[in-house]
1. For the stretch 222-237, which positions are within 16 Å of the ligand (Cβ to nearest atom) and either farther than 18 Å from PHE107 by Cα or at pLDDT below 95 (or both)?
2. Under the condition of being over 26 Å from GLN108 (Cα atoms) and part of a loop (DSSP other than H, G, I, E, B), which residue from the stretch 182-208 is farthest from the ligand (Cβ to nearest atom)?
3. Can you find, within the stretch 161-175, the residue that is farthest from the ligand (Cβ to nearest atom) among those that are touching a residue at least 40 places away in the same chain (Cβ under 8 Å), over 18 Å from GLY99 (Cα atoms) and part of a loop (DSSP other than H, G, I, E, B)?
4. Can you find a residue in the stretch 246-257 that is without any contact (Cβ under 8 Å) to a residue 24 or more places away in the chain and either in the same structural domain as VAL379 (by TED's automatic domain parsing) or of a type in the set (Asp, Glu) (or both)?
5. Sort out which residues of the stretch 238-251 are within 16 Å of the ligand (Cβ to nearest atom) and either surrounded by fewer than 23 Cβ atoms within 10 Å (Cβ to Cβ) or of a type in the set (A, V, I, L, M, F, W, C) (or both), and write them in order of number.
6. Quick one: in the stretch 252-282, of everything that is among the aromatic types (Phe, Trp, Tyr) and more than 22 Å from the chain's Cα centre (by Cα), which residue is surrounded by the fewest Cβ atoms within 10 Å (Cβ to Cβ)?
7. Tell me the residue from TYR122, TYR100 that is within 16 Å of the chain's Cα centre (by Cα) and within 21 Å of MET218 (Cβ to Cβ), please.
Amino acid sequence: MKLPNKLQKKLNTREAAGTLRVLKEPEDLVDFSSNDYLGLSRKQSISRRAIEILEEHDILTNGATGSRLLSGNHKLYPLTEEIIASFHESETALIFNSGYDANIGFFQAVPQRGDIILYDEYIHASIRDGIVMSHAKAYKFKHNDIKDLIDNLERIRELSLETNTYVITESVFSMDGDHPDLVTMAQMCKAYKSYLVVDEAHATGVVGTLGQGLVQKMELQNEVFASIITFGKALGAHGAAVLGSDLLKQYLVNFARSFIYTTGLPPHSIATILASYEYLSAPSSIEKPFFEIETLKSHIDFFNEQIVIHDLQSIFIPSTSAIHCAVLPGNERVKTISQKLKKEGYDVKPILSPTVPEGQERLRICLHSYNTQQEIKSVLSLLKNFTHESIT
Ligand SMILES: Cc1ncc(COP(=O)(O)O)c(C=O)c1O
């Protein structure tokens with residue numbers, strides 16, 4: 001059947017601009033693009049342990065069979081939420097089906113009409129979508145810019161006592177790899193009586209000694225109103241959780257529509273999350289000497305040294321996370337360099353406008369514990385050559 005004209009036109013515009021999205025199967029290339037930062041998605045000890053957990057709890061069902069508020073709250077849910085809360089030193093954890101669901105559920109439900117949301121201009125699409133669903137007024141502040149945040153907080157200071165203000169940031173920005181000054185942000189939120197919410201998607205499993213995230217690394221557990229952690233990235237599984245108080249959990253269970261009106265995750269998914277947390281909590285008792293977080297951190301240091309050796313500092317956004325971005329303006333330019341890297345066996349994704357603002361197009365290199373120093377050296381050396389070729 002033909003598409004309505006308006007939709008066909010939008011597809012045509014994308015195609016003409018060379019930005020049409022298409023689904024492809026992953027190829028067997030050196031992985032500098034997935035979110036599997038620690039390689040846990042392929043760790044057999046975790047998949048075996050997930051099956052063991054299901055057997056230990058005598059769970060044979062494949063699906064959750066309903067919303068968690070109806071028939072879907074199988075017994076692994078409360079157990080896993082307790083373990084997650086304890087690992088992250090939070091009063092409670094509430095599992096959602098994905099980070100996308102957690103963000104739209106949280107932001108649709110929590111900020112009320114008459115409230116204000118101040119969000120970093122680079123926050124993830126899932127938070128933006130949640131904000132669109134809320135009835136609060138939303139204003140962006142400049143990326144990681146404390147002064148601009150304070151100016152905004154100052155501007156709204158005189159509003160009525162009924163107005164609650166929510167300040168939203170990420171602990172590792174997904175398209176930049178950088179992070180905010182969370183300690184100062186928390187201080188400012190306290191001073192201006194605002195609620196701080198942190199999306200820890202790319203910090204979960206990566207930042208902190210055991211991968212607890214930036215909030216815990218900075219000892220801000222009691223300063224943050226809520227954090228969103230996800231399991232589809234470094235934990236190699238699927239799903240997400242909102243960390244916060246018991247009352248917040250009770251509120252979300254009652255009002256977060258993406259929690260209420262959907263089938264829960266199947267037992268196997270929850271068992272995998274549980275097995276990944278067991279692994280993060282006690283890696284040495286399961287498998288040593290290879291501890292992935294340490295290896296990833298040393299790769300990040302090595303990558304930053306190699307950027308200097310290859311004299312590429314001017315194009316890379318400074319980052320101490322697993323995400324490193326080389327800003328090379330122009331959709332065609334980043335697509336071409338990505339294709340050339342692919343021919344050499346490296347999977348490095350181009351990030352095009354409008355996903356990032358025009359002129360900020362970039363190549364995004366995600367580092368993993370299973371990358372090697374040689375791969376890092378080679379990809380940077382190729383990048384240097386291709387960048388040079390694309391200018392001359
Ligand atoms: C910062 C951020 N938050 C949330 C999400 C959504 O998480 P999920 O993939 O679990 O839906 C992503 C995914 O890319 C993300 O980068």
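1. Of everything in the stretch 222-237, those that are within 16 Å of the ligand (Cβ to nearest atom) and either farther than 18 Å from PHE107 by Cα or at pLDDT below 95 (or both) turn out to be PHE231, GLY232, LYS233, ALA234, LEU235, GLY236, ALA237.
2. Top of the filtered list is GLY208.
3. GLU162
4. Among the residues of the stretch 246-257, not one is without any contact (Cβ under 8 Å) to a residue 24 or more places away in the chain and either in the same structural domain as VAL379 (by TED's automatic domain parsing) or of a type in the set (Asp, Glu) (or both), which makes the answer no.
5. HIS238, ALA240, ALA241, VAL242, LEU243
6. Within the stretch 252-282, the match that is surrounded by the fewest Cβ atoms within 10 Å (Cβ to Cβ) is TYR261.
7. Result of the check over TYR122, TYR100: TYR122.
Listed here are the residues, each with its yes/no results for (1) surrounded by 20 or more Cβ atoms within 10 Å (Cβ to Cβ); (2) within 15 Å of the ligand (Cβ to nearest atom); (3) not in a loop (DSSP other than H, G, I, E, B).
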site	(1), (2), (3)
LEU70	no, no, no
HIS74	yes, no, no
LEU79	no, no, yes
GLU82	no, no, yes
SER86	no, no, yes
GLU89	no, no, no
LEU94	yes, yes, yes
ALA102	yes, yes, yes
PHE107	yes, yes, yes
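The values are calculated or read from the model by the stated rules, or taken from the named source; none is laboratory data. All of these numbers come straight from a predicted model, not from anything done at the bench. We place every Cβ from the backbone using ideal geometry, glycine too, and count neighbours over all the protein chains shown.
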